[in-house]
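*Asks:* Could you have a look at this structure, given as structure tokens, before my questions?
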Amino acid sequence: MQVKFTIPESLAEIKLRDYQKFVDLKSEDEIFVRQKMIQYFCNVPLLAVTNMPRKEFIAISSHLLNLTKERPKLKPMVTLNGVEYGFIPDLDNSLSLGEFIDIEQFMTEWKNFHKLMTVLYRPITSKKGGKYLIEDYDSINMDYSVMLNVDMETVFGAVFFFKTLSEQLLAITPKYLQNLLRTNKQAMEVLEKNGVGISTFIQLLEEACSKLTMLLPYHLEQPSYS
């Protein structure tokens, strides 16, 4: 029995939830990986993929693999379930420390990328012309499940945009926080209370940022199946 299904023509037709399943595969069997990729990206039963003509199977799976190699541009806005979400405006200047910490944490593994996208894209509260404002960041009450359905064109666009910016931010973060701490009495008191002087804290921070800079390319690598 033949099963009809739709083959994605672009990353915009592949959902993040399905891509996460794909990159989570542990098998080194190329045929199996290609089968599962068609199953996930085309939403078709695995049995139907197994019964597919070999020539058709190779053509479809190769097409899908090529899609994952695309590097789309950043999409400032995206609509999900009737709600319009906007990428953090003026990311290089307005990014808060809390946002930066969570973004760095979530971007380390693909299984957390729906959380990453929830931080980067938040509901638009007002819009005028080409500018907009988004909801304030609230790490406690975030609904991460919404972004499971965001398309991979949006994800890849945000990831590679942020990769470039992150490298720049990591270079300036230690100096920025050092100046901030020296003018923040409450933060200084917390450090001293925990037995950590500002010099020690800054040294640890610089070491952490150095490691993060080296890890960034690794975090954003794509699965390299033949």
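Each reported figure results from applying straightforward, stated rules to the coordinates on display, with no laboratory input. Remember, predicted model here, so these are calculated numbers, not experimental data.
*Asks:* Multiplying the sequence separation of Arg17 and Ser139 by 0.36 nm and subtracting their Cα-Cα distance, what value in nm do you get?
*Replies:* Working: separation 122, 0.36 × 122 = 43.92 nm, distance 2.11 nm.
Taking 0.36 nm per residue and subtracting the Cα distance, the gain is 41.8 nm.
*Asks:* Right, here's the next one. Taking amide H positions as placed in the peptide plane 1.01 Å from N, state which residues far from Glu84 in sequence (5 or more) or on other chains have amide H under 5 Å from it.
*Replies:* Answer set, sorted by chain and number: Ile124.
*Asks:* Taking the Cα atoms of segment 1-115 alone, what are Rg (to one decimal) and Dmax (as a whole number) in Å?
*Replies:* Answer for segment 1-115, Rg first and Dmax second: 17.4, 57 Å.
*Asks:* Turning to a different aspect of this structure: Amide H of Lys75 versus every other amide H placed in the peptide plane: which residues, excluding those fewer than 5 positions away on the same chain, fall under 5 Å?
*Replies:* Correct list: Ala158.
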